[in-house]
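Data first, discussion second: the structure below is written as structure tokens.
The values are calculated or read from the model by the stated rules, or taken from the named source; none is laboratory data. Note that the structure is predicted; figures quoted are calculated from it, not measured. So basically every Cβ, Gly included, is an ideal-geometry build from the backbone, and we count neighbours across all protein chains shown.
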Amino acid sequence: MKFDSIKCAIVVAALEGAVSAAPSPKGRFSVKTFKGPKLGLVSRVTGSGPSAASTNFMNMTFGDQTFPMEIDTGSSALWLFNTGTPSNEQGGHPLYNPNASSTFQLQDGYSFDIEYADGTGMTGPVGTEDVTMAGITIQGQYIGIPNDVRTNSNPIQGGCLGMAPNPFTMTPTSQNTWHQNAEPLLDQPVWTVDFYSTQDGSMDFGYIDDSKYQGDIAYAPCDFSNGAWSFNITGWNVPNDSVQTGSGSVQSIADTGTPSSSLPQGVLDYYYGKVDGSSRDSSDDTAYVVPCDADLPDLILTIEGGTVTIPGSQMNAGTVDGGCRGAFYITTGGGNLGSAMFNSNFVVYSQTNAQIGFALKA
């Protein structure tokens, strides 16, 4: 490949401060997102999941090549299936060709290695490229060019846009993610997610569109020490019931890259205990089965700045043997507010302010 030969022929200049932004007409943008084909849910935490859902994509341009990128707030890596990916690992994905880009530069001595909790992952060299999305071009953005891929990903996917708060981990030195480089250029240091279960959605950068949500946005401070958008859930209840608490707060994340939803058993035993005829799934003891005609209550989660409501209409994940699968499954420790939350809530992220916000969609 082109960048293998360049590796021996070019001495890469000092990398610090190499990233810059191309001039943009304004600091606020909206981008259409779209759904991919449904795949089985795989939890980033447990490697399993109770149902199927589709992930969300947006188009990004690398040099002059455009690809559908999975939007992943649970990881920080920006990588692309590419012409250096072995043919038996390409899986029908659209392929980025660094040979065809005049703005790609291999970064000599740099590499990345990702392994997710479900055993999938990838490794390979790292380069810089001009990356455009939402009207902003980041020049010299670090991207991963995997030459070994171990993942069962959506066939329309060109790569992954990691939007976790930690830097893109690589050797020898971690580098900023795309959104970390872009956030200082925005009118406001925020970006928002407005996803839906069966239709296209949007992400807005640099502003909050008041027409997309109802009521007030409930904000929670984030703890970035584990490299995730982590916030604390301090209580839970259904409407007209008192708030329940456990022995401590539940550290949770809002991860667009893991559509499955999970919470500790104590929370879910309480919730499904309010549903007549519900039971644990005999084929998967992390999941619950509810009657398909059950009128499921809302799940209300208390955070520091208010509450996050997941409507009962989002708490049914589809039919299984013996009934319908509950949308949340049991996890030990923390939790993830996946598709059940994103399909019903407008979500605000701000790394600068170290907070995340939630409001029901308008």
(request) Hey, could you check the stretch 114-133 for residues that are within 17 Å of the chain's Cα centre (by Cα) and more than 14 Å from LEU80 (Cα to Cα) and say which is surrounded by the fewest Cβ atoms within 10 Å (Cβ to Cβ)? (result) GLU115
(request) Give the stretch 149-191 a look and list any residue that's of a type in the set (A, V, I, L, M, F, W, C) and more than 20 Å from SER30 (Cβ to Cβ), or say none. (result) VAL149, ILE156, CYS160, ALA164, PHE168, MET170
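Please enumerate the residues belonging to the stretch 150-163 that are within 19 Å of ILE71 (Cβ to Cβ) and out of contact with any His (no Cβ under 9 Å at 6 or more places or on another chain).
Within the stretch 150-163, the first condition is being within 19 Å of ILE71 (Cβ to Cβ), and the residues that meet it are 151-163.
Within the stretch 150-163, THR151, ASN152, CYS160 qualify.
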(message) So GLN199 passes all but one of these: (1) out of contact with any Ser or Thr (no Cβ under 6 Å at 6 or more places or on another chain); (2) modelled with pLDDT of 95 or more. Which condition number does it fail?
(response) (2)
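For the stretch 311-362, give me the residue count where each residue is assigned to a helix (DSSP H, G or I) and either out of contact with any Pro (no Cβ under 7 Å at 6 or more places or on another chain) or charged (D, E, K, R) (or both). Spell out how you get there, then give the answer.
In the first step, residues of the stretch 311-362 are kept if they are assigned to a helix (DSSP H, G or I); the result is 312-314, 339-342.
Going one step further and asking which of them are either out of contact with any Pro (no Cβ under 7 Å at 6 or more places or on another chain) or charged (D, E, K, R) (or both), we end up with 313-314, 340-342.
Final tally of qualifying residues: 5.
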(message) Tell me yes or no: at least one residue of the stretch 181-193 is in the same structural domain as THR132 (by TED's automatic domain parsing), under 28 Å from THR123 (Cβ atoms) and among the polar types (S, T, N, Q).
(response) yes
(request) Among what's in the stretch 182-216 and is surrounded by fewer than 21 Cβ atoms within 10 Å (Cβ to Cβ) and among the β-branched types (Val, Ile, Thr), pick the residue that is nearest to SER261 (Cα to Cα). (result) THR198
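Answer yes if at least one residue in the stretch 27-34 is crowded, with 19+ Cβ neighbours inside 10 Å, closer than 27 Å to PHE104 by Cβ, aliphatic (A, V, I, L, M) and modelled with pLDDT of 95 or more, and no otherwise. It would help to see each step written out before you state the result.
Restricting attention to the stretch 27-34, the residues satisfying the condition of being crowded, with 19+ Cβ neighbours inside 10 Å are 29, 33.
From what's left, closer than 27 Å to PHE104 by Cβ: 29, 33.
Retained after the next criterion (residues that are aliphatic (A, V, I, L, M)): none.
Looking through the stretch 27-34, none of the residues is crowded, with 19+ Cβ neighbours inside 10 Å, closer than 27 Å to PHE104 by Cβ, aliphatic (A, V, I, L, M) and modelled with pLDDT of 95 or more.
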(request) Could you please give the count of residues in the stretch 52-73 that are assigned to a loop (DSSP other than H, G, I, E, B), over 18 Å from TYR142 (Cα atoms) and either small (Gly, Ala, Ser) or free of Cβ contacts under 8 Å to residues at least 12 places away in the same chain (or both)? (result) 1
(request) Given the conditions (1) crowded, with 20+ Cβ neighbours inside 10 Å; (2) closer than 23 Å to PHE195 by Cβ; (3) touching a residue at least 60 places away in the same chain (Cβ under 8 Å), report the number of the one that ASN237 does not fulfil. (result) (2)
(message) I'm told SER174 meets every condition in (1) touching a residue at least 60 places away in the same chain (Cβ under 8 Å); (2) in contact with a Phe, Trp or Tyr (Cβ under 9 Å, 6 or more places away or on another chain); (3) more than 20 Å from PHE342 (Cα to Cα) except one. Can you identify the failing condition by its number?
(response) (1)
(request) State which residue is surrounded by the fewest Cβ atoms within 10 Å (Cβ to Cβ) when the search covers only the stretch 260-294 and only residues that are within 29 Å of the chain's Cα centre (by Cα) and of a type in the set (Gly, Ala, Ser). (result) SER283
